[in-house]
Each structure stands twice: as structure tokens, then as C-alpha cells.
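This report refers to the structure that appears directly beneath it.
The values are calculated or read from the model by the stated rules, or taken from the named source; none is laboratory data. Treat the numbers as computed from the prediction; the structure is a model and nothing was measured. Positions of Cβ are generated from backbone atoms using ideal geometry, with glycine treated the same way; all protein chains shown enter the neighbour counts.
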Amino acid sequence: MITAAQLRAARALLDIDQKTMAAMAGVSVPTIQRMEASTGNVRGVIDSLVKVVEALDRAGIELIGEHAVSGGGGRGVRLRHPVNTG
């Protein structure tokens with residue numbers, strides 16, 4: 001699974017726009033727009049989701065699930081729940 005936030009963050013790390021992401025994955029720009037507008041996990045046609053994930057993988061993006069260990073090395077960013085200090 002990939003979340004809408006992960007997809008937006010991946011594009012930001014690659015410094016690409018939605019049009020470029022769509023071209024990399026072989027899907028339409030409206031498909032990327034719908035995916036990024038999803039709440040939580042991206043919703044869409046499985047084939048399109050697979051194409052997007054594979055395109056991100058080819059570009060060097062490692063999608064890390066919650067509570068998963070990243071063993072791929074390289075730089076990255078992980079979103080975690082903030083520590084409640086109050």
C-alpha cells in the first residue's frame with residue numbers, strides 16, 4: 001500500500017511534478033491527481049497503483065510501511081507520530 005502523503009513526498013524528493021510522475025508511470029495526470037487527493041491509502045485501479053509504485057522504485061524511492069525497517073540504505077525521511085510533550 002502507498003498513502004497519498006507518501007506519493008506527494010516521493011514526488012517532492014524526486015523534485016518532479018504530477019505530469020512527470022504520470023509519464024514515468026505510464027498513467028494519466030488525472031490518475032496521479034486522484035491518487036494524491038485520496039485520504040489515507042491511495043485508491044485506484046490496481047494496475048495503475050502497481051505502475052506508480054514500480055516507477056518510484058526505478059527512480060530510487062523506497063516506500064516504507066508503518067513499523068517497517070528500512071534496510072536499503074541511502075537518505076530518506078520517515079513520518080512518525082509526534083511525541084506528546086505536554
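Could you say whether any residue in segment 26-34 is modelled with pLDDT under 90 and surrounded by 11 or more Cβ atoms within 10 Å (Cβ to Cβ)? Looking through segment 26-34, none of the residues is modelled with pLDDT under 90 and surrounded by 11 or more Cβ atoms within 10 Å (Cβ to Cβ). For segment 12-25, filtered to residues that are buried (at least 17 other Cβ atoms within 10 Å of the Cβ) and without any contact (Cβ under 8 Å) to a residue 24 or more places away in the chain, the residue that is farthest from residue 58 (Cα to Cα) is 18.
Residues that are among the β-branched types (Val, Ile, Thr) and over 13 Å from the mean Cα position of the chain (by Cα) were ranked within segment 40-86; the one that is modelled with the highest pLDDT is 46. When the helices (runs of 4 or more DSSP H) confined to segment 1-68 are screened for residues that are in contact with a Cys (Cβ under 7 Å, 6 or more places away or on another chain), none reaches at least 1 such residues.
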